[in-house]
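A quick write-up on the structure given underneath.
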Amino acid sequence: MNAQRAATEWLTWGVQARVVVTDPGALASAANLVRGYLTAADAATNRDRADSEIRRFGSDSDSLETDGATVTPMFAHFLGDALAVARLTDGKLTPTAGSEDPHSWWKIRVEGNRVFGPAGAILDLSATARASSADHCAGTTAELLGCGVLVALGGDIAVAGPPPDNGWQIQVQDLPGDPTCQVAIPSGCGIATASTVKPLARESTATPMWRTVSVIAESCAEAAALSRVAVSMSGSAIDWLHKLDRPARLVDQEFRVTTLVGWPDD
């Protein structure tokens with residue numbers, strides 16, 4: 001282990017969580033902070049939990065449009081991120097995909113700790129909560145402990161605080177044997193990889209064009225959203241990411257690599 005860094009890993013939310021700090025003495029505190037936040041985030045956003053906040057949301061749906069619903073600051077933050085992602089992707093990734101009207105996300109607004117929206121709105125934050133958590137954990141932990149922090153939740157990685165001397169070095173690869181590269185990213189941004197093959201994705205009956213898509217953006221939430229949408233697209237993903245001006249790396253089923261918009265060299 002580099003003397004300037006220390007790391008720990010564990011399984012959570014069905015993925016490998018990894019926390020790296022630039023101050024080895026702060027590792028235990030950083031891990032505890034991240035674990036605590038992820039526990040609270042699960043209680044807020046996990047639709048599989050009968051006691052989660054998201055399952056309770058909209059129980060009085062008749063007044064949701066006029067009076068709104070009071071939510072916790074954490075839930076408001078997650079929903080705000082999800083709505084920003086919906087706008088960024090032109091509705092390709094939304095928090096209302098399970099609603100009777102999947103396009104009703106644009107009718108939802110967050111005002112402080114109150115949420116207003118159409119009656120019958122059903123929220124699902126599973127597409128964005130993990131990356132949003134990585135952003136929050138990295139940023140708040142770096143601020144509280146005064147050191148550089150990397151938080152990786154599966155393929156979603158956020159970095160914050162003073163970086164190591166050689167920058168945040170990230171290895172980009174899905175399965176062993178897949179094309180790999182190492183990039184350095186600055187603090188205050190995120191990188192995410194979406195995959196159509198294990199271990200980062202469920203199996204699909206169709207054969208998509210892309211094996212993986214990796215994106216670097218100003219936040220992990222943004223990077224994850226763009227990579228998830230692009231990996232399900234065909235060749236149009238290249239033009240789409242170009243228009244959004246985001247560095248990206250796409251690997252097709254023949255293991256050919258395409259890089260866009262100044263993707264960092266190895």
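The values are calculated or read from the model by the stated rules, or taken from the named source; none is laboratory data. Since this is a predicted model, take the numbers as computed values, not measurements. Cβ: placed from backbone, ideal geometry, glycine included. Neighbour counts: every protein chain shown.
When Phe57, Phe75 are checked against the criterion of being touching an Asp or Glu at 6+ places or on another chain (Cβ under 7 Å) and at negative phi, Phe75 stands alone in meeting it. When every residue of the stretch 57-78 is checked against the conditions, none turns out to be in the same structural domain as Thr193 (by TED's automatic domain parsing) and within 19 Å of Asp156 (Cα to Cα).
Residue check: Arg109 meets all listed conditions (1) in contact with a strand residue (DSSP E or B) (Cβ under 6 Å, 6 or more places away or on another chain); (2) within 25 Å of Cys137 (Cβ to Cβ); (3) of a type in the set (D, E, K, R) but one, namely (2). Contact map, the stretch 222-234: first residue in the same structural domain as Asp252 (by TED's automatic domain parsing), second residue of a type in the set (Lys, Arg) and buried (at least 24 other Cβ atoms within 10 Å of the Cβ), Cβ cut-off under 8 Å, separation 6 or more or different chains; pairs are Ala224/Arg130. Restricted to the stretch 132-182, and to residues there that are β-branched (Val, Ile, Thr) and under 21 Å from Val257 (Cβ atoms), the residue that is surrounded by the fewest Cβ atoms within 10 Å (Cβ to Cβ) is Thr180. Filtering the stretch 188-201 to residues that are assigned to a loop (DSSP other than H, G, I, E, B) and either loosely packed, with under 14 Cβ neighbours inside 10 Å or at pLDDT 95 or above (or both) leaves Lys198, Pro199. Considering every residue within the stretch 158-177, establish whether at least one is part of a loop (DSSP other than H, G, I, E, B) and over 30 Å from Pro24 (Cα atoms). The answer is yes, given that some residue of the stretch 158-177 is part of a loop (DSSP other than H, G, I, E, B) and over 30 Å from Pro24 (Cα atoms).
Scanning the stretch 69-103 for residues being touching a residue at least 40 places away in the same chain (Cβ under 8 Å), surrounded by fewer than 18 Cβ atoms within 10 Å (Cβ to Cβ) and part of a loop (DSSP other than H, G, I, E, B) gives a total of 2. Considering only residues in the stretch 227-253 that are of a type in the set (A, V, I, L, M, F, W, C) and part of a helix (DSSP H, G or I), the one that is nearest to Pro208 (Cα to Cα) turns out to be Val231. From the list Ala7, Ala50, Ala31, the one residue that fits, being among the hydrophobic types (A, V, I, L, M, F, W, C), out of contact with any Asp or Glu (no Cβ under 8 Å at 6 or more places or on another chain) and either more than 21 Å from Ser133 (Cβ to Cβ) or modelled with pLDDT under 95 (or both), is Ala50. Out of all the residues in the stretch 135-151, is one or more among the polar types (S, T, N, Q) and assigned to a loop (DSSP other than H, G, I, E, B)? No, because not a single residue in the stretch 135-151 is among the polar types (S, T, N, Q) and assigned to a loop (DSSP other than H, G, I, E, B).
Residue by residue, here is whether (1) under 19 Å from the mean Cα position of the chain (by Cα); (2) farther than 22 Å from Pro73 by Cα holds:
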{"residue": "Asn113", "(1), (2)": "no, no"}
{"residue": "Arg130", "(1), (2)": "yes, no"}
{"residue": "Ala134", "(1), (2)": "yes, no"}
{"residue": "Cys147", "(1), (2)": "no, yes"}
{"residue": "Pro163", "(1), (2)": "no, yes"}
{"residue": "Ile185", "(1), (2)": "yes, yes"}
{"residue": "Ile191", "(1), (2)": "yes, yes"}
{"residue": "Val197", "(1), (2)": "yes, yes"}
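Quick check: is even one residue across the stretch 13-25 part of a helix (DSSP H, G or I), of a type outside the set (S, T, N, Q) and without any contact (Cβ under 8 Å) to a residue 40 or more places away in the chain? The answer is yes, given that some residue of the stretch 13-25 is part of a helix (DSSP H, G or I), of a type outside the set (S, T, N, Q) and without any contact (Cβ under 8 Å) to a residue 40 or more places away in the chain.
The set of residues in the stretch 210-221 being touching a residue at least 40 places away in the same chain (Cβ under 8 Å) and not polar (S, T, N, Q) consists of Trp210, Arg211, Ile216, Cys220, Ala221.
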